[in-house]
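Beneath this line is the structure, given in structure tokens, with notes to follow.
The values are calculated or read from the model by the stated rules, or taken from the named source; none is laboratory data. Everything numeric in this text was worked out from a predicted model, so none of it was measured. Virtual Cβ from ideal backbone geometry, glycine too; neighbours counted across all protein chains shown.
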Amino acid sequence: MYTILISMLIGATSGAIWTVLEFWKTWQMGIVLFVLVSIVSFIVISRVMARRIEPQFQVIQKQIQAGQIQIAISQLEDMMPLCRWQMLLKGQIHAQIGLLAYANGDETRAQEHLSKAGMRATEAKLAHAALEYRNGRKEQAREALDIAIRANKKQIMPYHVYAWMLAKDGARDAAINKLVEAEKVEKSNESTQENLSRLRNGKKLNMKRFGMAWFGLQLEKPPAQYRAGQGQAGRKGFRQKPQRRG
């Protein structure tokens, strides 16, 4: 990545100049200076790049709100070269494109991008799991959920989606165990308590508490009151600004 290389070059130059000026007597300090200057340079360059990228995301957000999904996707694809300059941006862009494509019914493009989404892009990982599950690739769906849980252990919804899939496939005990894991993360969570009770009493899970975050996965048909909000799953990721380092 260009940002890392430039930061290291600045740090190396600073360390070398220090060492030469001191006539090679304090080369250890030159190494320390190289590390410190490289880190500071990386933080500064990353923040400058984030400030430049953020307005582009804001424009794309407005396009989505206006229903110009294909234009938004094209602009996101045009931003890909910027990933050479900003850490985590590539996974973020893949997540955004994948969510938009999935919400728009373009499963081929969604599959391509959701599989490349950043590990911490929980919504994208859930959409990827849902897409795999809907297409009969249940092992891949569980793998995507495993990644989502490992990277975002304190988020409850991945546990519930995992439990829903297990219960749907008849693995009720495994589904209960998955919700027990969720209970350990947040004991007072009402959704977890309700769904644990339902599973233990032989009932289906109730995912309505998660609203369009759940129905946007297209694993269940939303009730009439939710249908007006369809498409929101593809918009959610845009609440986040480009991630800055440091």
Going by the structure shown, is Ala103 out of contact with any Ser or Thr (no Cβ under 9 Å at 6 or more places or on another chain) and closer than 22 Å to Leu179 by Cα? no
Of all residues in the range 207-231, count the ones that are outside any loop (DSSP other than H, G, I, E, B) and modelled with pLDDT of 80 or more. 7
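Can you confirm whether Gly170 is modelled with pLDDT of 90 or more and under 30 Å from Leu76 (Cβ atoms)? Full working, then the answer.
Numbers: modelled with pLDDT of 90 or more: yes; under 30 Å from Leu76 (Cβ atoms): no.
When the stated conditions are applied, Gly170 does not pass them.
Among the helices (runs of 4 or more DSSP H) lying completely within the range 64-152, list those that include at least 3 residues that are within 27 Å of Ala167 (Cβ to Cβ).
The helices (runs of 4 or more DSSP H) meeting that bar are 89-103, 107-114, 122-134, 138-151.
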Within the range 173-199, considering residues that are over 17 Å from Ala213 (Cβ atoms) and of a type in the set (Ser, Thr, Tyr), the one modelled with the highest pLDDT: Ser197
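Could you check the range 153-164 and list, in sequence order, the residues that are assigned to a helix (DSSP H, G or I) and without any contact (Cβ under 8 Å) to a residue 40 or more places away in the chain?
Here is the first cut: in the range 153-164, the residues assigned to a helix (DSSP H, G or I) are 157-164.
Residues satisfying the conditions are Pro158, Tyr159, Tyr162.
Being closer than 15 Å to Lys184 by Cα and buried (at least 22 other Cβ atoms within 10 Å of the Cβ) is the filter here; which residues of the range 150-162 pass it? Can you show your working first?
First, pick out the residues of the range 150-162 that are closer than 15 Å to Lys184 by Cα: 150, 152-160.
Within the range 150-162, Pro158, Tyr159, His160 meet the criteria.
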